[in-house]
Each structure stands twice: as structure tokens, then as C-alpha cells.
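The values are calculated or read from the model by the stated rules, or taken from the named source; none is laboratory data. Note that the structure is a prediction, hence the values are computed from the model and not measured. All Cβ positions, glycine included, derive from the backbone under ideal geometry; neighbour counts span all protein chains shown. The area values use the complete protein model at the heavy-atom level, side chains included, leaving out ligands, DNA and RNA. Shrake-Rupley method; radii C 1.70, N 1.55, O 1.52, S 1.80 Å.
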Amino acid sequence: MNPYIDKLYNLSKKSERTIIGLMSGTSLDGLDIAVCKISGQGRDTFCKVSHFATIAYDEATKSKILNVFAKEQVDLKYLTLLNPWIGELHARYINEQLQRWHIDQQSIDLIASHGQTIYHCPSSFHQYSDFNNATLQIGDGDHIAVNTGIITLSDFRQKHIAAGYEGAPLAQYGDYCLFANDKRHTLLLNIGGIANFTLIKKDSLGNDLICSDIGPGNTIMDQYVRKHLNLDYDENGCFAASGQVSEQLLQELLELEFVSQPMPKTTGPELFNLTLLESMLDSLSLSQLDHQDVLATLNKFTALCIVKHIELLDIDAELEILISGGGAYNTFLIASIKNMLVSDINITIMDQNGICAESKEAVLFAVLANEAVMGGARKKPDNSNLTMGKISLPL
């Protein structure tokens, strides 16, 4: 028997597994690496993050990704070459970070790699009647496994699509395992490039979750400040806070079809991008709008999308909202959300067992890898198991 197959079999018998979760989102800021100690499975999962770091992408790496990111037409040869290159880059980041932390690679049971999303395309994004939902992440798992010597699970979203869903959001599976409780309803709100949430009702058995993308998080704001202010993001929402909302532009944004579509739904920077914004500014004769006013409007749009979708949940009992993602640190955005919501909702930035606003997404994929080797995430309506992640073995 291949020794790595034997190792996979024996992992299910261990009381605790050490799994590295990797996440690189649509913000393209870098690779999140979380070393997770995970025991149990399903609702009995317990996870503690022992080490976490974000390795920033340099400008050359960002440029390579942006050459193919969220574009309908790309150089196929370049994309083919970029796929293994990203895998090798992520492997190098892992090896270097483990050395910094003085962690022996032999102590790591698995790597769970989300990969770098290049294009997300649910059926609502295209007009090809022969095709259904699709998504594409690069950073090949075989290259990570071979270059680290660690069994790697990757490409999680494809099984979700194969099972009849849209490939996103996957947060519900890890959210349920980590945050289900019997005391109160919990809303896991993630504000990354795209905003999404998972509602876990108290006493939930996992088949009644509400999980959906709900609009742009930081993506349009980040794209705008990169182009016009030469910054990666609007720190603390300071530029937005100094501007005035353009009600004309805000109304145009709120009339986008996605905003009123029923949940669950998915979206991405393929829809929410500078091309969309600039087209609206031109059509409304607002091209000379001050940068601060544009950012104030985009910030308000993100907040309104989040609040409107929370209100659609119609939760009249006690609710706790745990916020993660880079948007959790946009203090102006969070203040706007709090001001719009009813006062008795408890809103906090996630921080428990080392799982914080920055690390949560990487942790979720470590949890998905744990579910894959332990038996599956029970979330389909018929409670059958849905395991995600392709397995790549080292040499």
C-alpha cells in the first residue's frame, strides 16, 4: 500500500489532526496560512489555531494574477503556466513559514488549499444554455504536495458544483462545525472581497442553514483606491468617512439585479468591478465626483446590502453576529452597519481559539479537509454526506 494512503486511513483514528489551512481571496493581498489543531468532526469539531500569518503578495505576483483575474478573455498559454507557478509559490510560502515557526513538516498531517480564484461563473453570469455553474481556482495541489512533502487537499469548490450547487459560498460547512450552539442564533458575516453570511439557528441540525453571498464587500472600494489613490485599501474607511454619499449613484447600485435576487446566490468581482462603476458614473454624468464621495457611496452600498439581507432573515429572537474578513477592520463600514441594525443585536469581531477575523477563511478550509478524512459535511437537504477536496500525494 502507498504509505500516504495508509497515513490517510490512520488520520481518522487520531484524536487530533494538525492541518494547515490556506486562503487567498479576491482581494489578492496575499496568502493566509493557519496551523489548526482539529479534533472531532461535524458539530463536535473543535479547532484551535496555533499559528497564523498572512504572506503578502509582492507587486510582481499581483500583476501576474491580475493578468487573468476575473477576465472573460485571457492568454490561455499564460494561464496554463500560472497554475503550477501559484502552487509552487504557495508551497514555498508554507515551507518558509514553517521554518520561521520552528515547526517540523512531519508534524503536519494535511494541507487544505483553497487556491487562487480566477473566475467564478454561476449560470446567472452566462448565456450558454449547454452549460451550468462553474468556477476556477488555480494553484495546483500536486505541486503543493510534492514541494512540501505533505498530503494536500485542494479544489474544494468543484465537488460543490458537481453536487448541483454553485461552488460558493462554502462557508456554511465550516461555520456549522465550528459555531453551532444551543443558546442563540448565530450569524457569521464575512466581509472579504465579496460579503457573505451563514445563519445558524440555535439547535440546528445542519439542514436548515441559510448561507449566501449578499453583495460586494471590499472589492469595488479596493479596486477604486488602487487606481485613483495608489493604495491597497481605504484604511479604516477614512476616505469614505470624509466624503458625501451620492444618492443618485447609490440608487443606481441598489437597482442592480443581484441585490434583489432571492438567497442563496453567489457573485464575485466578475460583476462588482470598476468597469461597472465607471459605466454608472458615465451614464449618470458623475465622472467628476470627488474620490471621497465615490468611496462614501460604495461604503454605504456595501453596508446597505449587508443590512438588507440580514433583515430578510426575519430573526426576532436573540442574534449574535460574528464578523470576519478584511472588512471587519473598516471601522467606518462596521459603524454604518451597526447604526442601521436594531440595537439589541450583539455584533462582535471574531476572536476565539485563535480563530480571528483574518484567519477564519483559512481555518474553514482546514475544517473541510478534516471533514473529508473523517466522513463528510452533512448539509445536503437529504442529510447525505458531501465531502470536498481533491487529494494530492507527495512523491
Exercise for the section: Please find, among Val294, Val245, Val307, the residue that is under 30 Å from Asn207 (Cα atoms) and in contact (Cβ under 8 Å) with a residue 24 or more places away in the chain. Expected result: Val307
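So in region 154-172, with the set limited to residues that are at pLDDT below 90 and more than 21 Å from His126 (Cα to Cα), which one is farthest from the chain's Cα centre (by Cα)?
Residues of region 154-172 at pLDDT below 90: 168-169, 171-172.
Filter once more, so that each one left must be more than 21 Å from His126 (Cα to Cα): 171-172.
Values: Ala171: 7, Gln172: 11 Å.
The residue in question is Gln172.
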Fill in the blank from the handout: Going through (1) open to solvent by 60 Å² or more (accessible area, probe 1.4 Å); (2) under 19 Å from the mean Cα position of the chain (by Cα) one by one, Cys47 fails only at (1)
Exercise for the section: Among residues belonging to region 254-280 that are within 22 Å of Phe69 (Cβ to Cβ) and of a type in the set (A, V, I, L, M), point out the one that is nearest to the chain's Cα centre (by Cα). Expected result: Leu271
Fill in the blank from the handout: Taking region 15-32 and keeping residues of a type in the set (Val, Ile, Thr) and closer than 23 Å to Ala328 by Cβ leaves Ile20, Thr26
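Please verify whether Lys13 is among the basic types (Lys, Arg), free of Cβ contacts under 8 Å to residues at least 24 places away in the same chain and in a helix (DSSP H, G or I), treating the condition exactly as stated. Walk me through it before giving the result.
Working: among the basic types (Lys, Arg): yes; free of Cβ contacts under 8 Å to residues at least 24 places away in the same chain: yes; in a helix (DSSP H, G or I): no.
It is false that Lys13 is among the basic types (Lys, Arg), free of Cβ contacts under 8 Å to residues at least 24 places away in the same chain and in a helix (DSSP H, G or I).
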Exercise for the section: Please specify each residue of region 3-43 satisfying the condition of being open to solvent by 60 Å² or more (accessible area, probe 1.4 Å) and either among the hydroxyl-bearing types (Ser, Thr, Tyr) or under 23 Å from the mean Cα position of the chain (by Cα) (or both). Expected result: Tyr9, Ser15, Asp29, Lys37, Gln41, Arg43
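Condition test on Ala70, is it more than 21 Å from Tyr173 (Cα to Cα) and either aliphatic (A, V, I, L, M) or at pLDDT below 95 (or both)?
Working: more than 21 Å from Tyr173 (Cα to Cα): yes; either aliphatic (A, V, I, L, M) or at pLDDT below 95 (or both): yes.
Taking the combined requirement at face value, the residue satisfies it.
Given the residues Met280, Met263, which is the only one that is open to solvent by 10 Å² or more (accessible area, probe 1.4 Å), farther than 15 Å from Ile191 by Cβ and touching a helix residue (DSSP H, G or I) at 6+ places or on another chain (Cβ under 6 Å)? Spell out how you get there, then give the answer.
On the way: Met263 fails: touching a helix residue (DSSP H, G or I) at 6+ places or on another chain (Cβ under 6 Å).
None of the other options fit; the residue is Met280.
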Problem - Single residue of Phe52, Phe69 found to be open to solvent by 10 Å² or more (accessible area, probe 1.4 Å), part of a strand (DSSP E or B) and among the aromatic types (Phe, Trp, Tyr) - result: Phe52
Exercise for the section: Using the structure shown, decide if Gln244 is outside any helix (DSSP H, G or I), closer than 19 Å to Ser285 by Cα and at pLDDT 95 or above. Expected result: yes
